[in-house]
Every structure is written in structure tokens, then in C-alpha cells.
1. Take every Cα-Cα distance within the range 178-317, group them into 5 Å bins from 0 onward, and report for each bin the whole-number percent of pairs it holds.
2. Taking the dipole about the Cα centre of the range 53-174, with the C-beta of Lys and Arg at +1 and of Asp and Glu at -1, give me whichever of VAL65, ILE124, THR106 is farthest to the positive side.
3. What do you get for the angle between helix 244-259 and the principal long axis of the chain? Use alpha-carbon atoms, 0 to 90 degrees, nearest ten.
4. Could you please state, rounded to a whole Å, how far the C-alpha centre of the range 156-191 is from the C-alpha centre of the range 237-263?
5. Looking only at Cα atoms, what is the convex hull volume of the chain per residue, in Å³?
6. For the range 12-123, what is the percent of antiparallel DSSP beta bridges, rounded to the nearest 5?
7. Determine the percent antiparallel among the DSSP beta bridges restricted to the chain, to the nearest 5.
8. Out of all Cα-Cα pairs in the range 53-174, roughly what percent, to the nearest whole number, are more than 21 Å apart?
Amino acid sequence: MTVTLIAPTDLRSAHEALADTTGTVQIQGAGTAAGWAGAPEPAATVLDTTRMTGVLAYNPADMTVAVRAGTPLRELQAELAGNGQRVAFDAARAEQGATVGGLIATADSGPLALTYGSLRDLVIGATIVLADGTVARSGGHVIKNVAGYDLAKLLHGSYGALGLLAEVVLRLHPIPAATRTVALDCSLPTAAERAATALHSAVEPVSLEWADGTLLVRLVGTADGTEARARHLAGTLGATVLSEESAEAAWARHAERVTDAVVRLGCRPSRLPGLLAECGGTAVAGLGTGIGTVTVPLDDVGRVHDAVTAVGGTSVTRRRPKEGMRAWGQPPSAIRVLQAVQRELDPGGRLCPGRFESWFGTREATS
């Protein structure tokens, strides 16, 4: 099969790329999640988003920014930092060059999700291009504008199978004046108990993670206030307030564990410790969010999926398993709704076939 590579630079050329081509299309960005989820099927066209970059509009007073979806998040963060602002999002692979659109499409998140949510919660407007080239918009540049929110949320976790995310408008937050991390070396069951104590206290942690045998609690705020809260929490938990250098190293190790993970899973936070213990391997636990990762042999991926399904959770591989092994857990209870949405937005099944394996069934793409 001859594959055509198209690299649009803006909304107009993205529209033309899909309107003027036929057959199946694989959408790719920086490639930081190329091995996640189901294996892409061979496609007639590969649409590369990495040239769709740049800030379209930035209003520091309104704390919003509009960017093309191929913009690497770390580059956007560097630009926003000049005004003391940031996208309050810290997925591990952002430092690897992951794009804004790719992070949304894969439903990735980081430790800050405890307080700020995922990008699904930070997107206030989006422009997408459907499989036939139709341009659709929702939301806007105003935080209180709720019109069309569902469109951006539909594409969150869609792996490109519902449409091409071309432009997004993001809500921003101030960069905190001070950040402190409280650490406690402990087992996961003990960490779950201490995490509950921290969550019910008045210290207001923004991140609460356990990895590599250590509970990490991040606090932000004013310099004096954050220091006082950190010392109070450390005393309550029997923990230690880390120096800035030690905290940076601890969070870097946490990011490495997440980056190396084989399966990402999510469930009710109260069930996460027990689920991770059953899965085995090396685990990272978001004890307030219910999001975790495990690093296990590829032969154990199916067992992990089954364990997650048994507690009503969701799971997807972050390292492609062997041929014949599932990349996803069991289809969600709303699978028929998801299938109906895909048929409406992409009736020919053109976009990113294979990413959801058999969830959308086998249909011939428009040619």
C-alpha cells in the first residue's frame, strides 16, 4: 500500500487534508504515545500534526490561551511562564515533547489532576475537523461560556478516532509562589491511610501520589503559608518535608515510573490500593484520583485487565502487548453510545482504525 503523508500547518490546510483525500487516515503527533492502546491498522494517509503549532490568542488578564493542537505543551508552558501563568497539568510525557492535542486525545493526566483535573477540565473551547473535512467548533475564549463543552470532552481519550483536534482554548492558573513536598516511606496500605488523613485535613494538597515505596504530598501557596502547612502535615503523618532538590528528584522518579508503565488503570479511589496489590508488579497510585499505573510482564496484561474490570474500572496499555493480547480492558457499559457517536462523526470509519481494537467493530472505510 502506498501511504500519503500530509502535514497541515493550520485549520484551513487540516480541513483540506481530510476533505480532499479518501480512504483511511492515521493521525499522529509527536509520537510520545505511539505505543499506547490498540495498534493502528495500515492507512492510506498519515496526517502529521506537528506543524500545527503556535499560540493563536493569549489574554493574560482573562487567563485563557488559544493554541494549535500540535503545539508541544512544554513550549506553551515556557511562553506562559513569562506572565506567571501555566496550564495546571503535569503529565509525565509532557517533558518528552507531547503536544496539547495528543495529551487530550490520550486522556493523559498527572499528579496535579487531584486539584485541577485533566485537560478535559481545562479546555474551554475547541475546533475540530471531522473525517469528511467538516469544521466544528464549541465553547469559546471565556471561562463562563459553557456552550458546546461536550465536543471537546468527546475527543478527550478518543485517540483520533472521532476527529482531528485542530485548535484548543485552555483555562490558565497562576504559577504558585511556593511549592513544598512532604514525603513518607511506607507501604501502599499505609500510604492509603495517610492519604485519607491529608485529604481530610485543612492543608489542601494539590497532589497525592505513592510510588516506589514513598508517599508524596505536594502543597502550594505563599512561601510562609506553604512552609507552615508542610511542617504541620509532616508532623501529623510522621513524614519529612523535602528540600527543593530532594523534592525535584522524588517527583522525577515518580515520572519515570509512570513513563515506564505497561498499563494505566482507573477505578474508585478507595479500591485502588487493593487493585494494585492484586495486579502486582511496580505500581504508581494516585490515591486521591483513583488513577494508577503498573509495570508487569507483557504476559500478565490480560490478567491486569480482568482484575480492573472486576472492580468496575478501566484500563489501557501504555506498552503494546504481544499480538493477540488485548490493549484495552472490557468495553465500558456505555459502549453503544460510544459506537453511535463514532458512526455519527465518522460514518465511514476513516479515522485511526485499530486504536480501539474491536470496540467499534469492523467496518470498511469510505474509499
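1. Per 5 Å bin, starting at zero, the Cα-Cα P(r) for the range 178-317 comes out as 2, 11, 21, 22, 18, 12, 8, 5, 2, 0, 0 percent.
2. Checked the options; the winner is ILE124.
3. That works out to roughly 40 degrees.
4. 15
5. Spread over its residues, the Cα hull of the chain gives 131 Å³ apiece.
6. 55
7. So the antiparallel bridges in the chain amount to around 85 percent.
8. Tail of P(r) above 21 Å: 29 percent of Cα pairs.
We did not get these values from a lab; they are worked out from the coordinates using the rules stated. Bear in mind the structure is a predicted one, so any value in this text is a computation, not a measurement. We place every Cβ from the backbone using ideal geometry, glycine too, and count neighbours over all the protein chains shown.
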